[in-house]
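S.K.: This structure is in structure tokens; I'll ask about it shortly.
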Amino acid sequence: MNNIIDLLIIGGGPAGLMTAKTAIELGLKVTLVEKNKDFQQLRRACSAQFILNDGYENEFINLKDEKILFTKNNFEVTYTGKLVKVKNKYYTSPKGHRIHFALPNPKAFAVKFDKQKLLYDLYNECVNLGVDVRMSTLACGGSDKGNYVSVDLKGNTTYTLNAKKVVIAEGANAKLTGLFGLNKGRVLHGTPLVFSCIVEGATGFEPQSWNQFYGSKYHPFAEVIIESAIEGTDAIEITIMGTKALRPDVLFKKFIKNSPMKHNFTNSHIIEKRGCSLKSYDSLKKPYIDNVLVIGDSAAHVEVIVQGALMCGYHAANAIKDELMGINGFEKYTNWWNKSFDFNHTDPFEFVNLYSSLAMRPKYSDEELDYMFSLLEGTPICGNFSQFEVPKNIWKVILSHKNQIQNENPILFDKIKKIDKLNQEGKLN
Ligand SMILES: Cc1cc2nc3c(=O)[nH]c(=O)nc-3n(C[C@H](O)[C@H](O)[C@H](O)COP(=O)(O)OP(=O)(O)OC[C@H]3O[C@@H](n4cnc5c(N)ncnc54)[C@H](O)[C@@H]3O)c2cc1C
């Protein structure tokens, strides 16, 4: 059959664009489709920080001379945009007790970046290298024909494109992933909505910091996140989760008008709004079927984050090249994928248990949060962004006060028994 390209990539996020750039450099004929019309404005919520913790996602990234160096996976990505170092992280209780996270030195453990710039630069590199990038094009169906994959595309017209191999990099909603049969048996943990906005004129937030606010005075069931924004020294970024019934934009209004933080927002105004909905599936331990490989958030438990998505793209392109040469590249990719991401080697139920119990929703009262946070005040905890390591580190310190909690607050002690059991089984190490 004529007109079969080597590789079709669905989705122009960091995973898809990185696949396209690497694959064309490896000599493949590549088409990428992206449903958005351009990269001029980012509408999808993303805090856009590179995590610098050593060994995070089994990598040691380094930012140097306008390059993101992936020192272990052995590749680099050009990034010429702004950077803001994040040196301190605080979790705050309703009465203002704070848990402080930092690295010694004090070294930055994350760096905010301009995601739009990163994507736009990658997109330009792809176009200059000769990738056939089709914007405003939605992949809406398809099937594997054995020797090739046929994908239905909707742009100005509806048509079909045939490719020897397909990489699905459509993000967390994983629709096409499901259509090709890969969501079968995958547990869906929830479908949260996220609202985020950039605000100017707010007061009282430490520059270069990341803050999470816990308790019903701030939010009925989740933390509210406030961080320095890339948009300017005076700007902050606020991220709030919600559901269809409890919309995050409504919760945001309550937060700035009625929470203990309301005075910080007296003269503030929003300069940009973003949002998204997420499907929180278990990760795919085998992220391929026949000629289709699923990468990035589409295959993850919630998110691989941007640096992880770039790594997925780099390895996916190499896997496709191998497959086209008759080598089992998909299996090699799968081995790398399972080794690199914590969510692939942590029991998902244990993780959800630990993580959601740290998110302290909804079972700890504001008084209990104040009590636990006050126990941790003045003891800096290792500055880490891993959603696996942070809960473990916090619970280890809380549980070091176990006898005190048992004496002073037996009802609370009863609630944290499950975590204590995990600790005794060595699962917080
Ligand atoms: C609130 C929030 C905060 C976050 N904070 C951080 C952070 O601090 N640091 C960090 O690194 N990461 C962060 N992330 C995660 C990060 O955004 C993702 O992990 C990363 O963007 C995943 O990249 P991806 O390429 O797999 O998917 P995406 O970035 O989601 O890209 C998927 C692309 O596919 C396109 N697409 C989807 N379906 C189709 C289709 N059928 N046809 C054509 N195109 C399609 C979409 O339009 C999109 O452009 C955050 C995410 C959220 C929601």
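S.K.: Out of segment 230-239, which residues are within 14 Å of the ligand (Cβ to nearest atom) and either over 12 Å from residue 211 (Cα atoms) or free of Cβ contacts under 8 Å to residues at least 12 places away in the same chain (or both)?
M.R.: 230
S.K.: Here is a list of conditions, (1) touching a strand residue (DSSP E or B) at 6+ places or on another chain (Cβ under 7 Å); (2) over 10 Å from residue 291 (Cα atoms), and residue 167 meets all of them except one; can you say which number that is?
M.R.: (2)
S.K.: Would you check if there is a residue in segment 140-158 being under 30 Å from residue 384 (Cβ atoms), within 11 Å of the ligand (Cβ to nearest atom) and surrounded by 15 or more Cβ atoms within 10 Å (Cβ to Cβ)?
M.R.: No, there is no match, as no residue in segment 140-158 is under 30 Å from residue 384 (Cβ atoms), within 11 Å of the ligand (Cβ to nearest atom) and surrounded by 15 or more Cβ atoms within 10 Å (Cβ to Cβ).
S.K.: Sort through 213, 180, 195 and tell me the only one that's within 14 Å of the ligand (Cβ to nearest atom), under 25 Å from residue 243 (Cα atoms) and surrounded by 16 or more Cβ atoms within 10 Å (Cβ to Cβ). Reasoning before the result, please.
M.R.: Values: 213 fails: within 14 Å of the ligand (Cβ to nearest atom); 180 fails: under 25 Å from residue 243 (Cα atoms).
Residue meeting the stated conditions: 195.
S.K.: Filter segment 39-66 for residues that are of a type in the set (Phe, Trp, Tyr) and outside any strand (DSSP E or B); which is surrounded by the most Cβ atoms within 10 Å (Cβ to Cβ)? Before you say what the answer is, go through the steps one by one.
M.R.: First pass over segment 39-66, keeping only residues of a type in the set (Phe, Trp, Tyr): 39, 50, 56, 60.
Filter again for outside any strand (DSSP E or B), leaving 39, 56, 60.
Working: 39: 20, 56: 22, 60: 15.
Among those residues, the one meeting the criterion is 56.
S.K.: OK, next. Which of the residues spanning segment 395-408 are buried (at least 18 other Cβ atoms within 10 Å of the Cβ) and either farther than 22 Å from residue 427 by Cα or modelled with pLDDT of 90 or more (or both)? Lay out the reasoning, then the answer.
M.R.: First pass over segment 395-408, keeping only residues buried (at least 18 other Cβ atoms within 10 Å of the Cβ): 395, 398, 405.
398, 405 - these are the residues of segment 395-408 that are buried (at least 18 other Cβ atoms within 10 Å of the Cβ) and either farther than 22 Å from residue 427 by Cα or modelled with pLDDT of 90 or more (or both).
S.K.: Any chance segment 252-275 includes a residue that's more than 27 Å from residue 238 (Cα to Cα), in contact with a Phe, Trp or Tyr (Cβ under 7 Å, 6 or more places away or on another chain) and within 16 Å of the ligand (Cβ to nearest atom)?
M.R.: Taking segment 252-275 as the starting set, the residues that turn out to be more than 27 Å from residue 238 (Cα to Cα) are none.
Scanning segment 252-275 turns up no residue that is more than 27 Å from residue 238 (Cα to Cα), in contact with a Phe, Trp or Tyr (Cβ under 7 Å, 6 or more places away or on another chain) and within 16 Å of the ligand (Cβ to nearest atom).
S.K.: In this structure, is residue 81 within 11 Å of the ligand (Cβ to nearest atom) and in contact with a strand residue (DSSP E or B) (Cβ under 8 Å, 6 or more places away or on another chain)?
M.R.: Details: within 11 Å of the ligand (Cβ to nearest atom): no; in contact with a strand residue (DSSP E or B) (Cβ under 8 Å, 6 or more places away or on another chain): yes.
The answer is no for residue 81.
S.K.: Next question. Assess whether residue 32 counts as being hydrophobic (A, V, I, L, M, F, W, C), under 25 Å from residue 333 (Cα atoms) and in a loop (DSSP other than H, G, I, E, B). Working first, answer last.
M.R.: Numbers: hydrophobic (A, V, I, L, M, F, W, C): yes; under 25 Å from residue 333 (Cα atoms): yes; in a loop (DSSP other than H, G, I, E, B): no.
When the stated conditions are applied, residue 32 does not pass them.
S.K.: Out of the residues in segment 281-304 meeting the condition of being within 10 Å of the ligand (Cβ to nearest atom) and surrounded by fewer than 24 Cβ atoms within 10 Å (Cβ to Cβ), tell me which one is farthest from the chain's Cα centre (by Cα). Working first, answer last.
M.R.: Let us first name the residues in segment 281-304 that are within 10 Å of the ligand (Cβ to nearest atom), namely 294-300, 302-304.
Checking which are surrounded by fewer than 24 Cβ atoms within 10 Å (Cβ to Cβ) leaves us with 302-303.
Numbers: 302: 7, 303: 4 Å.
Only one residue tops the list, namely 302.
S.K.: Is it true that residue 108 is out of contact with any His (no Cβ under 8 Å at 6 or more places or on another chain) and more than 12 Å from the ligand (Cβ to nearest atom)? Steps first, answer last, please.
M.R.: On the way: out of contact with any His (no Cβ under 8 Å at 6 or more places or on another chain): yes; more than 12 Å from the ligand (Cβ to nearest atom): yes.
Judged against the criteria, residue 108 is a match.
S.K.: With the requirement that a residue be part of a strand (DSSP E or B) and over 19 Å from the mean Cα position of the chain (by Cα), what does segment 67-84 give you? Before you say what the answer is, go through the steps one by one.
M.R.: Applying the first criterion (part of a strand (DSSP E or B)) to segment 67-84 yields 67-70, 75-78, 83-84.
Within segment 67-84, 67, 69, 75, 76, 78 meet the criteria.
S.K.: Continuing with the same structure: How do the pairs read when you match residues in segment 295-310 that are in a helix (DSSP H, G or I) with residues anywhere that are among the hydroxyl-bearing types (Ser, Thr, Tyr) and more than 6 Å from the ligand (Cβ to nearest atom), using Cβ under 6 Å and keeping only pairs 6 or more apart or on different chains?
M.R.: These pairs meet every condition: 298/177.
S.K.: For segment 236-261, which positions are of a type in the set (A, V, I, L, M, F, W, C) and surrounded by 17 or more Cβ atoms within 10 Å (Cβ to Cβ)?
M.R.: 236, 238, 240, 241, 251, 252, 255, 256, 261
S.K.: Report whether or not residue 36 is away from the ligand (no atom under 12 Å from the Cβ) and either crowded, with 18+ Cβ neighbours inside 10 Å or not small (Gly, Ala, Ser) (or both).
M.R.: On the way: away from the ligand (no atom under 12 Å from the Cβ): no; either crowded, with 18+ Cβ neighbours inside 10 Å or not small (Gly, Ala, Ser) (or both): yes.
Judged against the criteria, residue 36 is not a match.
S.K.: Return yes when residue 170 is of a type in the set (Asp, Glu), within 11 Å of the ligand (Cβ to nearest atom) and touching a helix residue (DSSP H, G or I) at 6+ places or on another chain (Cβ under 9 Å) and no when it is not. So that I can check it myself, show each step before the final result.
M.R.: Working: of a type in the set (Asp, Glu): yes; within 11 Å of the ligand (Cβ to nearest atom): yes; touching a helix residue (DSSP H, G or I) at 6+ places or on another chain (Cβ under 9 Å): yes.
It is true that residue 170 is of a type in the set (Asp, Glu), within 11 Å of the ligand (Cβ to nearest atom) and touching a helix residue (DSSP H, G or I) at 6+ places or on another chain (Cβ under 9 Å).
S.K.: Look through 66, 76, 25, 34 and report the one residue that is farther than 17 Å from residue 115 by Cα and acidic (Asp, Glu).
M.R.: On the way: 66 fails: farther than 17 Å from residue 115 by Cα; 76 fails: farther than 17 Å from residue 115 by Cα; 34 fails: farther than 17 Å from residue 115 by Cα.
Sole residue among the options that is farther than 17 Å from residue 115 by Cα and acidic (Asp, Glu): 25.
S.K.: Now, a different point. Just for segment 14-33: of the residues that are under 21 Å from residue 155 (Cα atoms) and not small (Gly, Ala, Ser), which one is nearest to the ligand (Cβ to nearest atom)?
M.R.: Narrowing segment 14-33 to residues under 21 Å from residue 155 (Cα atoms): 16-17, 20, 29-33.
Keeping just the survivors that are not small (Gly, Ala, Ser) gives 17, 29-33.
On the way: 17: 8, 29: 19, 30: 15, 31: 11, 32: 9, 33: 5 Å.
Only one residue tops the list, namely 33.
S.K.: Please tell me if residue 244 is within 30 Å of residue 328 (Cβ to Cβ) and in a loop (DSSP other than H, G, I, E, B).
M.R.: Details: within 30 Å of residue 328 (Cβ to Cβ): no; in a loop (DSSP other than H, G, I, E, B): yes.
No, not satisfied.
The values are calculated or read from the model by the stated rules, or taken from the named source; none is laboratory data. Since the structure is predicted, the reported quantities are computational estimates derived from the model, not experimental observations. Please note: Cβ atoms are built from the backbone with ideal geometry, for glycine as well, and neighbour counts cover all protein chains shown.
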